[in-house]
Amino acid sequence: LGEIKDKVHLKKDDLAKIIFGDTVGDDEKVLPLSLELFFKNIHIGDILLMDDGRIQLQVVEVEKREATVKALTPAEISSRKAIVIKGREIGLPTLSRRDLEAARFCVLNDFDYIGLSYVRNVGDVELLRSTLVSLGGVELGVISKIETVQAVNNLKEIIDSSDGLLVARGDLGMHFGLEHVPRLQEYIVEKCLERGKPVIVATQLLGSMIDNPIPTRSEIVDILSAARDGVDTLMLTGETAAGKYPIESVEWLKKVIETYDSTITPRKIKLSREIDVRDRFADGITMLAESLRASIAIYTKTGRVALRISRNRPNVKVYACSGSPKTIRKISILWGVKPVKVNAVEYFEGLEEMLSTLKSSREVNNGDIVILTYGLKDEPIHLVKIVQIQ
């Protein structure tokens with residue numbers, strides 16, 4: 001939807017109009033929508049879903065650039081709400097004018113990741129990536145939101161072409177039905193682990209805290225369930241973007257994760273893609289650390305070695321340091337990896353500085369064993385140091 005001056009309030013069976021345009025006047029029951037393709041693809045009887053399915057409207061009349069809808073549920077509709085036609089998908093352009101403006105903004109402001117909504121196939125991801133490259137955003141990571149039937153059907157290819165995935169549970173519930181969301185979440189997380197890519201779960205983790213200062217019991221269980229599935233990151237959306245208790249929401253999410261962190265057994269899933277010597281190196285470091293009950297401390301310039309070790313879900317502490325603030329930010333979404341900023345820009349100096357930092361912050365103590373290394377390079381000799389703190 002476009003800009004709505006004030007919220008549109010509908011009672012059950014009320015009629016409203018959806019018209020072509022970015023904005024509307026003062027009519028209290030008119031919704032603007034600037035996609036002409038929408039009006040060509042809807043039919044009388046179609047059910048339109050908004051707000052993660054809580055709002056349901058039925059199309060009762062269609063004209064060239066206008067549709068009349070009847071509210072099947074009470075509705076409070078605000079600007080920028082996404083609309084889903086129940087049971088069908090429209091062949092939308094991958095990048096709209098607004099998307100291109102957002103991409104340019106992200107590049108100019110040195111963003112670390114950009115999310116791609118309504119991705120359908122690998123072509124959508126490649127189009128965004130080539131657009132970012134043309135704008136100068138070579139290092140800008142692409143997070144593909146999985147929220148449609150087409151995306152689930154093309155999941156493996158989308159994972160391989162993306163820098164990470166976001167499980168958009170609200171839209172998945174509208175396209176597949178709410179009862180299928182838990183199964184889909186588990187499936188998408190598992191496939192990301194198999195392909196070695198980070199995965200984020202979002203939508204209604206603490207939905208009740210949009211209006212209430214404490215979460216429900218079922219929300220606590222939902223957070224724990226997602227953590228046990230093996231997700232890298234849990235992301236709040238409406239709770240912090242539009243809720244009354246954004247800080248409290250973050251505090252509760254952190255509290256639940258920290259309370260159960262030590263009780264969660266990491267899911268170790270074998271890579272289903274072709275592996276190379278760098279993957280095997282990360283496997284070896286993980287096995288060595290677990291056998292010695294040692295922490296892993298790595299220096300990384302790009303974050304790739306941190307990703308490879310993280311996807312192994314090691315049952316030990318992992319620290320990743322870098323002289324690049326951007327790399328530090330990018331690896332912060334990875335499972336089990338604690339970023340450490342150092343000043344050094346070279347490997348050996350970086351490892352020494354990190355070890356000193358870990359000692360002074362008491363992350364490691366006397367008697368602890370630490371494995372120090374860095375990403376495998378094309379050199380004849382590679383350093384792996386095993387240090388016992390004295």
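Just so it is clear, none of the values below were taken in a lab; they were calculated from the coordinates. Keep in mind that what you see is a predicted model, and the values were worked out from it rather than measured. Here the Cβ is made from the backbone with ideal geometry for all residues, glycine too, and neighbour counts use every protein chain on show.
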What nm distance separates the two modelled labels at residue 40 and residue 368, each placed 7 Å from Cα along Cα→Cβ? 6.1
Provide the percentage of antiparallel DSSP beta bridges, counting only those with both residues in the chain; round to the nearest 5. 40
Quickly work out the residue 341-to-residue 138 label distance, labels modelled 7 Å from Cα along the C-beta direction, and quote it in nm with one decimal. 2.5
Give me the extension gain from residue 88 to residue 65: residue separation times 0.36 nm, minus the current Cα-Cα distance, reported in nm with one decimal. 6.3 nm
Between residue 283 and residue 224, Cβ-based FRET efficiency (R0 25 Å, step 0.05) works out to 0.30
Out of 68, 84, 35 - ranked by how far each Cα lies towards the positive end of the dipole of the range 8-85, with unit charges on the beta-carbon of charged residues - the top one is 84
What is the distance, in nm, between label points placed 7 Å from the Cα along the Cα-to-Cβ direction at residue 179 and at residue 332? 4.1
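Using only alpha carbon pairs under 8 Å that are at least six residues apart, calculate the relative contact order of the chain and give it in whole percent. Walk me through the numbers before you get to the answer.
Values: 752 pairs, mean separation 35.4, N = 390.
For the chain, the relative contact order is 9 percent.
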Candidate cut points under GluC sites (Glu not before Pro) in the range 311-379, DSSP loop plus at most 14 other Cβ atoms within 10 Å of their own Cβ, are 346
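Cα gyration tensor of the range 327-390, axes a ≥ b ≥ c as square roots of the eigenvalues: rounded (a/c below 1.5), prolate (a/b > b/c) or oblate?
Working: a/c = 1.65, a/b = 1.11, b/c = 1.48.
Oblate shape, in that a/c is at least 1.5 and b/c is the bigger or equal ratio.
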Using a cut-off of under 14 Å, list every residue of the range 110-136 whose amide N is near the label point 7 Å from the Cα of residue 96 along the Cα-to-beta-carbon line. 117-119
Label selected from (1) 31, 27, 19; (2) 31, 29, 23; (3) 44, 22, 19, the criterion being semi-axes √(5λ) of the Cα gyration tensor in Å as computed here: (3)
Past 29 Å, Cα to Cα, is the threshold; run 156/255; 86/156; 191/359 against it and keep the listed order. 156/255; 191/359
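Taking every DSSP beta bridge with both residues inside the range 277-388, roughly what % is antiparallel (nearest 5)?
Working: 4 of 18 bridges.
Taking every DSSP beta bridge with both residues in the range 277-388, the antiparallel ones total about 20 percent.
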Mean-square fluctuation check for the chain, GNM, Cα pairs under 10 Å: which of 207, 45, 123 is largest? 45
How much FRET efficiency would the formula 1/(1 + (r/R0)^6) give for residue 29 and residue 258, where r is the Cβ-Cβ distance and R0 is 41 Å, rounded to 0.05? 0.30
Here the net charge surrounding residue 150, from other residues whose Cβ is less than 14 Å away from its Cβ (Lys, Arg +1; Asp, Glu -1), is -1
Evaluate the charge dipole of the range 97-263 about its Cα centre and quote only its size in Debye, nearest 20, assuming +1 on the Cβ of each Lys and Arg and -1 on the Cβ of each Asp and Glu. 260
Interchain or long-range residues, amide H under 5 Å from residue 141's placed H: 113, 114
